[in-house]
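These notes concern the structure reproduced below.
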Amino acid sequence: MIKNSSFSPVEPGVKNLEPNEFSKLLSSLVQIYLASYQSYPQYAYKTEKQVHSYLKWLYHHDPNGFFIAQIKEEVIGWAACHSNWEDWLEGKVGEVHEIVIKPAFQRKGVGHRLMEEVLSYLASRGREKATLWVGEKNQPAKEFYSKLGFVQTNQVNHWIRMVLYLTNFPPTP
Ligand SMILES: CC(C)(COP(=O)(O)OP(=O)(O)OC[C@H]1O[C@@H](n2cnc3c(N)ncnc32)[C@H](O)[C@@H]1OP(=O)(O)O)[C@@H](O)C(=O)NCCC(=O)NCCS
């Protein structure tokens, strides 16, 4: 449920995209990425062209792991994971590659809602671990992942490796 109901009283719809929908929305997904990373540009691709290629790569590698969040027709965030990722240290994992929320919709539970979908998907594909890299100074994202139960396992240069075990996912209340 979205918090701060005076701002946005509705819960976002979360769904996968058919290839034609993905193509249609690609430019707006690029803009959401660029806007969301404004405070941490050191961890993001800089040009629209780079982000276009990145998004196509993400979608192509696991279309079922690509989710958007929307309110009515407006896309307000998206997330991408890969359910069959080979990690050089940990073997086969569910890799969470990206999650971005439009700045005006951040801190309202939208990212959490998208991650529920991502983690359910990875668990449904038999993955025992969800893994990701996050920039060492990206405090909001680090807190976001910690709240979901991710823990740091490693650090390479400016990137922190985090892991969440999915054996008990979804958690019992
Ligand atoms: C990180 C990000 C995806 C979080 O999405 P969000 O929709 O804003 O997060 P939620 O509202 O679901 O927050 C869930 C919890 O995460 C933590 N959190 C989220 N944003 C936070 C912030 N700015 N500061 C501290 N904690 C934060 C809080 O514990 C929050 O729970 P609370 O609001 O009850 O305290 C979003 O800030 C974003 O798009 N950042 C820019 C892109 C990015 O860094 N992506 C991650 C790449 S690794």
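Bear in mind these aren't lab numbers, they're just calculated from the coordinates by the rules spelled out. Please read these numbers as outputs of a predicted model, since none were measured by experiment. Quick reminder, even Gly has a Cβ in these numbers, built from the backbone with ideal geometry, and neighbours come from all protein chains shown.
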Over the chain: helical MRE at 222 nm, DSSP H runs n ≥ 4 each giving -39500 (n - 2.57), nearest 500: -10500 deg cm²/dmol
Quick one: dipole size for segment 82-168, taken about the Cα centre, charges +1 on Lys/Arg Cβ and -1 on Asp/Glu Cβ, in debye to the nearest 20. 340
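Can you tell me the order of 20-26, 133-139 when each peptide is scored by its average per-residue count of other Cβ atoms within 10 angstrom, highest first?
The peptides rank, most packed first, as 133-139, 20-26.
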Ordered by residue, what ³J(HN,Hα) values in Hz, to whole numbers, does segment 73-85 give under the Karplus form 6.51 cos²θ - 1.76 cosθ + 1.60, where θ = phi - 60° and Gly and Pro are x? 8, 8, 7, 10, x, 8, 9, 9, 9, 10, 7, 9, 8
To the nearest whole percent, what portion of all C-alpha pairs in segment 78-173 is separated by more than 24 angstrom? 16
With no solvent and one equal point scatterer per Cα, compute the Debye intensity ratio I(q)/I(0) for segment 2-128 at 0.14, 0.20, 0.22 Å⁻¹ and report its log10, rounded to two decimals. -0.61, -1.20, -1.37
Taking a ≥ b ≥ c as the square roots of the Cα gyration tensor eigenvalues, with a/c under 1.5 meaning rounded and otherwise prolate when a/b beats b/c, else oblate, which class fits segment 103-147? oblate
Would you list which lysines come within 22 Å of Lys49, measuring only between C-alpha atoms, while excluding same-chain residues fewer than 8 positions from it? Lys24, Lys102
What is the distance in Å between the Cα centres of segment 67-108 and segment 127-153? 12
Lys/Arg Cβ at +1, Asp/Glu Cβ at -1, dipole of segment 2-128 taken about the Cα centre: which of Pro12, Phe105, Leu29 is farthest positive-ward? Phe105
For the chain, give the magnitude of the charge dipole about the Cα centre (Cβ charges: +1 Lys/Arg, -1 Asp/Glu; no others), in debye to the nearest 20. 360
